[in-house]
Amino acid sequence: MREMTEKFLNEAFAGESMAHMKYQLFADRAEADGLGELARMFRAIAYAERVHAGNHLQALGKLKAAPDNIQTCIDGETYEIEEMYPVFNAAAKLQDEAEAVRSTHYALEAEKIHAEWYKKAKEAADKGEDVKVGTIQICSVCGHTREGDAPDKCPICGASRDKFVAF
C-alpha cells in the first residue's frame with residue numbers, strides 16, 4: 001500500500017474507533033438520564049462506526065491469524081505499560097491534574113494484567129489451542145481485571161463488589 005493511503009487509513013481507523021467508543025459512552029449517559037431512544041440511536045451509530053473501523057483495519061491488512069493478533073495486543077499493552085502511561089501519569093502529576101493522575105494510574109494497573117493474559121493466550125495459540133480462562137471480572141470504575149469471583153473491594157480503586165462486571 002502506498003504511504004499516503006496507509007497514513008490516511010490509519011487516521012480513519014483511529015477516528016472511527018474513537019467515535020465508536022465515544023458514542024457508546026454517550027449512550028450509557030443518555031440511558032442513565034432516562035433518554036432510552038437517544039441511547040439506542042447512539043448505540044446504533046456507534047455500531048456503524050465500528051463497521052467503518054473494521055473495514056479500514058481489514059484494508060490495512062491488520063486483521064490476521066490469532067497468534068499475530070495476540071502479539072499485536074502484547075506489543076500495545078507493553079508500550080502502554082513501559083512508555084505511554086508512566087509518561088502520561090508523570091505529566092499529570094507535574095501539572096497537578098488529579099483526575100488525569102487517577103485515570104492514567106487505573107489504566108496502567110489494568111494494562112499490566114492484560115499484558116500477562118495476552119502472553120498466556122499467545123502461548124496457547126502457538127500450540128494451536130484456545131486459552132483457558134474462567135469468569136473474567138472487570139471493575140467498572142477502574143478497569144481492574146481478574147479471573148474468578150469479584151473481590152469484596154477492588155484492590156486498585158476500592159470499589160465495591162457490585163461494581164464488577166462478569167464476562
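Go through (1) surrounded by fewer than 17 Cβ atoms within 10 Å (Cβ to Cβ); (2) within 19 Å of Glu111 (Cα to Cα); (3) small (Gly, Ala, Ser) for Ala98 and report which single condition fails.
With respect to (1) surrounded by fewer than 17 Cβ atoms within 10 Å (Cβ to Cβ); (2) within 19 Å of Glu111 (Cα to Cα); (3) small (Gly, Ala, Ser), Ala98 is out only on (2).
Which of the numbered conditions does Ala30 fail, given that it passes all the others? Conditions: (1) surrounded by 14 or more Cβ atoms within 10 Å (Cβ to Cβ); (2) under 27 Å from Leu9 (Cβ atoms).
Ala30 satisfies all of (1) surrounded by 14 or more Cβ atoms within 10 Å (Cβ to Cβ); (2) under 27 Å from Leu9 (Cβ atoms) except (2).
Filter region 36-84 for residues that are aliphatic (A, V, I, L, M) and exposed (fewer than 15 other Cβ atoms within 10 Å of the Cβ); which is nearest to Leu108 (Cα to Cα)?
Per the stated criteria, the residue is Leu63.
Name the residue that is farthest from the chain's Cα centre (by Cα), counting only residues in region 1-26 that are aliphatic (A, V, I, L, M) and closer than 11 Å to His56 by Cα.
Leu9
No lab work stands behind these numbers, since they all come straight from the coordinates. Just so it is clear, the model here is predicted, and its values are computed rather than measured. Note that each Cβ is placed from the backbone with ideal geometry, even for glycine, and that neighbours are counted across all protein chains shown.
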